Amino acid sequence: MTVIDGKMLAAEIREELRVKAAAFRKERGTDIGLAVILVGEDPASQVYVRNKIKACEEVGIKSFSYHLPAETTQEQLESLIDELVADKNVHGILVQLPLPKHLDEKSALKRIPAKKDVDGFCAENVGNLAMNRETIVACTPFGVMKMLEKYNIDPSGKAAVVLGRSNIVGKPMAMLLLNANATVTVCHSKTKNLKEVCSSADILVVAIGRAKFVKADMVKEGAVVIDVGMDRDENGKLCGDVDYESVKEKASYITPVPGGVGPMTITMLLYNTILAATRG
Ligand code: GUN
């Protein structure tokens, strides 16, 4: 069994991105800029945003950070987005999700044009992905594809099962695997025979947000297991959606939590921001 080292791969890619960001600065006489908007006090989101800003600094991307109070109105949020859309120094805009319940996420995200949509969430970017055209791809599934590539795992002809159908991970993950010629099944809370379907996977990607949900009896011998979860176990310790200790005995490749998919998500955000700036 091989542990897929997301931390190491992320560091490797960030080094390349640092060179690209420096070249951009030299050629254009200006920094690449990423605006990050966080609304409210969700503790997990605060950690994610802090890590994103820190990663920007590491590779030489200028970050513009906006922490708005939980009671921010839709108008206030959208007028900030509009300002950032118009700002030449901002090449990418990220609104950290989830937003507080009273805000309309769809309406807010709609204001970000495709070329500044470094999360790859807008209809144009998602549509391009669905049609297998070059586009900005959602950071987490994009990071997963980079991991597979790095470890020479070619999805072509393989049975890939994606557990979870979110717009952020499950759906774009399924499309990327399909574009890479895998035979893809997407499972969710209404799926029947979940154990059987998961056990048929050569590549199993799990993104459901439930601590240690996937046990060894749901995994085929020799499968590649990618764990997108960031959960807490019964002792409050960080863990994934996969029961790592038992599943690692069956998997040929597995991602740990932490140190697996997480660092790759942030790295692909930096990648997308540089792509957005370079395309202009
Ligand atoms: N919340 C959880 N993951 C993400 C992500 O990739 N992007 C944004 N904007 N919010 C998130």
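Taken together, the values in this text are just the output of simple stated rules run on the coordinates, not laboratory data. Keep in mind that this is a model prediction, so the values were computed, not measured. In this analysis, Cβ positions are derived from the backbone assuming ideal geometry, glycine residues included, and neighbour counts consider all displayed protein chains.
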Could you give every pair whose Cβ atoms fall below 9 Å, whose first residue belongs to region 39-51 and is closer than 18 Å to residue 103 by Cα, and whose second residue is more than 11 Å from the ligand (Cβ to nearest atom) and of a type in the set (Asp, Glu), counting only separations of at least 6 or pairs across chains? 40/71
If you check residue 138 against the conditions, is it farther than 29 Å from residue 30 by Cα and not hydroxyl-bearing (Ser, Thr, Tyr)? no
Does at least one position in region 23-36 carry a residue that is within 30 Å of residue 151 (Cβ to Cβ), part of a helix (DSSP H, G or I) and more than 19 Å from the chain's Cα centre (by Cα)? yes
Has region 136-144 got at least one residue that is assigned to a loop (DSSP other than H, G, I, E, B), within 16 Å of the ligand (Cβ to nearest atom) and more than 15 Å from the chain's Cα centre (by Cα)? no
Restricted to region 26-48 and to residues being away from the ligand (no atom under 15 Å from the Cβ) and not charged (D, E, K, R), the residue farthest from residue 71 (Cα to Cα) is 29
Breaking point among (1) closer than 30 Å to residue 112 by Cα; (2) in contact with a Ser or Thr (Cβ under 9 Å, 6 or more places away or on another chain); (3) in a helix (DSSP H, G or I); (4) of a type outside the set (Lys, Arg), for residue 208: (3)
Which one of the conditions (1) of a type in the set (D, E, K, R); (2) surrounded by 13 or more Cβ atoms within 10 Å (Cβ to Cβ); (3) in a loop (DSSP other than H, G, I, E, B) does residue 7 fail to meet, given that it meets all the rest? (3)
Filter region 73-110 for residues that are within 16 Å of the ligand (Cβ to nearest atom), more than 21 Å from the chain's Cα centre (by Cα) and within 12 Å of residue 40 (Cα to Cα); which is surrounded by the fewest Cβ atoms within 10 Å (Cβ to Cβ)? 101
Within region 31-49, residues surrounded by fewer than 16 Cβ atoms within 10 Å (Cβ to Cβ) and among the hydrophobic types (A, V, I, L, M, F, W, C) come out as 44, 47
Tally up the residues in region 242-270 that are assigned to a helix (DSSP H, G or I) and either under 13 Å from residue 116 (Cα atoms) or away from the ligand (no atom under 15 Å from the Cβ) (or both), please. 6
Residues of region 156-180 satisfying the condition of being out of contact with any strand residue (DSSP E or B) (no Cβ under 6 Å at 6 or more places or on another chain), of a type outside the set (S, T, N, Q) and assigned to a loop (DSSP other than H, G, I, E, B): 157, 164, 168, 169, 180
